[in-house]
Ligand SMILES: NC(=O)c1ccc[n+]([C@@H]2O[C@H](COP(=O)([O-])OP(=O)(O)OC[C@H]3O[C@@H](n4cnc5c(N)ncnc54)[C@H](OP(=O)(O)O)[C@@H]3O)[C@@H](O)[C@H]2O)c1
């Protein structure tokens, strides 16, 4: 069995990691940490986990083969020395995802630049080989995962793309924030970040395409829809051909139905799963490719992708513990 510990287990990503790891046939959870809830049973924070015999602890010393750091960005680089060398590490934060120049552009000065190259960017569809050998993984951002998976097949067709993102409330984490309380968040279609969203850096790094994000907060608890536009003179058939690089990917589903309500990806149909649904349209009149990508931000955009990475790092079939269908209806 793989012994796994989750640092920052009281957050949404940490809670989802505990849920997925508890169902994983090859994993034993040896520690879940929280400073605020140390000593309390896991279901006091994550009521869906009632019945799991786990309590939060505030220790830094535990017996683990893999440690998930599910803490805010800026924190991982402060606490990483407590864990380096003791186990494989999968960092859920943004701290080690970007090369230094991009990190500086989107986040500011990096406190541990010497460590950046030690981390592998944990997007299995692009970096499966390196992930298998990695000791340290930087798990991608949720908006970045949705966008990179959609844009990567087309990276040779364009240098620039417009990316419109519709994002759920859980993407902002569990910390209290007036913008997230029910009277403020309910029924919004709010422009959250019109430009220079931090996840752009990951898309530029991984695809070479200058992707300009506009991010909207919408009234869903989980899920992200990325709609990506770029100029293209060609045909729908050519776009489809490019997407076929994913035909053997276990967690990418191509949505190519010709008719019906569900002929384009929608987060509603991936919730609770590790799938990324990708589809497209070709706007001949305006010479424009439009690519759509839907994920559950907490699973393929976070904890599920981290478990997929863990599986690869430990030589397991990457689908282990992740091979379930989305919940429907949600
Ligand atoms: N939400 C998403 O959709 C999503 C998707 C992909 C990646 N991520 C990334 O995953 C990380 C966690 O996100 P989240 O949404 O779960 O955030 P969150 O709900 O705010 O949880 C973060 C947790 O980290 C713990 N923490 C904070 N500072 C700490 C410190 N100095 N030392 C130890 N623990 C500390 C806190 O627990 P205590 O205060 O109880 O100790 C808190 O519950 C972030 O870096 C985020 O960017 C999030």
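Annotations
- Tally, over the stretch 24-44, of residues that are within 22 Å of the chain's Cα centre (by Cα) and within 8 Å of the ligand (Cβ to nearest atom): 2
For every residue, the table says whether it meets (1) under 20 Å from the mean Cα position of the chain (by Cα); (2) surrounded by fewer than 20 Cβ atoms within 10 Å (Cβ to Cβ); (3) in the same structural domain as residue 163 (by TED's automatic domain parsing).
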| residue | (1), (2), (3) |
| --- | --- |
| 219 | yes, yes, yes |
| 225 | yes, no, yes |
| 241 | no, yes, yes |
| 250 | yes, yes, yes |
| 254 | yes, yes, yes |
| 278 | yes, no, yes |
| 281 | no, yes, yes |
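- You will find that of 45, 18, the residue that is farther than 26 Å from residue 120 by Cα and touching a strand residue (DSSP E or B) at 6+ places or on another chain (Cβ under 8 Å) is 45 and no other.
- For residue 103, the conditions (1) touching a residue at least 40 places away in the same chain (Cβ under 8 Å); (2) more than 22 Å from the chain's Cα centre (by Cα) all hold with the exception of (2).
- Some residue of the stretch 50-61 being more than 11 Å from the ligand (Cβ to nearest atom) and closer than 30 Å to residue 207 by Cα: no
- For residue 131, the conditions (1) closer than 18 Å to residue 309 by Cα; (2) within 16 Å of the ligand (Cβ to nearest atom) all hold with the exception of (2).
- Options 185, 174: the member that is at pLDDT below 95 and out of contact with any strand residue (DSSP E or B) (no Cβ under 8 Å at 6 or more places or on another chain): 174
- Residues in the stretch 62-74 that are within 11 Å of the ligand (Cβ to nearest atom) and in contact with a strand residue (DSSP E or B) (Cβ under 8 Å, 6 or more places away or on another chain): 68, 69, 70, 71.
- Listed by position, the helices (runs of 4 or more DSSP H) inside the stretch 178-277 whose residues that are over 21 Å from residue 165 (Cα atoms) and touching a residue at least 60 places away in the same chain (Cβ under 8 Å) number at least 1 are 236-243.
- Some residue of the stretch 287-302 being without any contact (Cβ under 8 Å) to a residue 12 or more places away in the chain, surrounded by fewer than 16 Cβ atoms within 10 Å (Cβ to Cβ) and outside the structural domain of residue 23 (by TED's automatic domain parsing): no
The values are calculated or read from the model by the stated rules, or taken from the named source; none is laboratory data. Because the structure is a prediction, the values reported are computed rather than measured. All Cβ positions, glycine included, derive from the backbone under ideal geometry; neighbour counts span all protein chains shown.
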